[in-house]
């Protein structure tokens, strides 16, 4: 069996749990590879910015479901706050 690889060239690092979710579902992997680097970054930020582990798991599950339903960006998400200097005070240093 060949080892799966996932593109990781964007602002946020792809965390292990997201990498596993992508690599364990060929349909999600195909959709992930079709996203722009900015869209991938938005998903990573949306999944990882939450504080509670339970919320993160909910976001990880919804990320996969939303991709499979054709969504290319997180719903109701104003975008990665780490890209906006004015939002830095709320989220600390750039990731």
Task: Relative intensity, log₁₀ I(q)/I(0), of the stretch 16-91 from a Debye sum that treats every alpha carbon as a point, q = 0.15, 0.16 Å⁻¹ - done: -0.50, -0.57
TODO: Please work out how much length the chain gains when fully extended from residue 25 to residue 71, using 0.36 nm per residue of separation minus the C-alpha to C-alpha distance, in nm with one decimal.
DONE: 14.9 nm
Open item on the list: From Cα pairs below 8 angstrom and at least 6 apart in sequence, can you work out the relative contact order of the stretch 16-91, rounded to a whole percent?
Closed with: 31 percent
- [ ] May I ask you to compute the full-extension gain from residue 16 to residue 33, defined as 0.36 nm times their residue separation minus their alpha-carbon distance, rounded to one decimal in nm?
- [x] 4.5 nm
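Every number in this text was worked out from the coordinates using simple rules, so none of it is lab data. Please read all numbers here as calculations on a predicted model, not as lab measurements.
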